[in-house]
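Reviewing the structure listed below.
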Amino acid sequence: MTEREIQVQVKSLVTGEIVHFKMDAAATVKATWDTAYEELKEQPRQGETFRCANGTDLMNRLDDTLEQLRQGGICPDEHFEIRGPSGGATAGA
């Protein structure tokens, strides 16, 4: 792994699957989300959202880079989640 690569973890809250993969630090949050679907071998579902594992929503940061998140202290462990559409049971709504 080079200095410019970041090891990320993404969990699908829909399926419970977890994947680990490397992304360039200059990759956008959206590119990371797209790659997560490929790694999970899943198709995007309408209404899904992308967030940090700590619950911080990233939908307004899709154009930010992983490096920008890191510098801002957002998702410091590079653990992300794909959250299913809202509705149904949600913790702490």
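The values are calculated or read from the model by the stated rules, or taken from the named source; none is laboratory data. Being a predicted model, the structure only gives us computed values, none of them experimental. Here the Cβ positions follow ideal geometry from the backbone for every residue, glycine too, while neighbour counts run over all protein chains shown.
Just a few scattered comments:
- Close pairs from the range 64-93: first on the phi < 0 side of the Ramachandran plot and among the polar types (S, T, N, Q), partner modelled with pLDDT of 90 or more and not in a loop (DSSP other than H, G, I, E, B), Cβ under 7 Å, at least 6 apart: Thr65/Thr28
- Residues located in the range 49-64, provided they are touching a Leu at 6+ places or on another chain (Cβ under 9 Å) and part of a loop (DSSP other than H, G, I, E, B): Leu58, Arg61, Asp64
- Listed conditions (1) outside any helix (DSSP H, G or I); (2) closer than 18 Å to Gln7 by Cα; (3) of a type in the set (D, E, K, R) are all met by Arg45, apart from (2).
- Inter-residue pairs, beta-carbon under 8 Å, first over 15 Å from Leu13 (Cβ atoms) and in the range 35-62, second in a helix (DSSP H, G or I) and aromatic (Phe, Trp, Tyr), 6+ apart: Gln43/Tyr37; Leu62/Trp33
- Residue within the range 62-79 that is in contact with a Cys (Cβ under 6 Å, 6 or more places away or on another chain) and either among the aromatic types (Phe, Trp, Tyr) or surrounded by 12 or more Cβ atoms within 10 Å (Cβ to Cβ) (or both) present: yes
- Close pairs from the range 6-19: first surrounded by fewer than 17 Cβ atoms within 10 Å (Cβ to Cβ), partner basic (Lys, Arg), Cβ under 9 Å, at least 6 apart: Gln7/Lys22; Leu13/Arg83; Val14/Arg45; Val14/Arg83; Glu17/Lys11; Glu17/Lys41; Ile18/Lys11
- In summary, Ile82 fulfils each of the numbered conditions (1) closer than 14 Å to Gln9 by Cα; (2) part of a loop (DSSP other than H, G, I, E, B); (3) touching a Ser or Thr at 6+ places or on another chain (Cβ under 6 Å) with the single exception of condition (2).
- Qualifying positions in the range 20-51 - buried (at least 16 other Cβ atoms within 10 Å of the Cβ), under 11 Å from Ile82 (Cβ atoms) and over 13 Å from the mean Cα position of the chain (by Cα): Glu42
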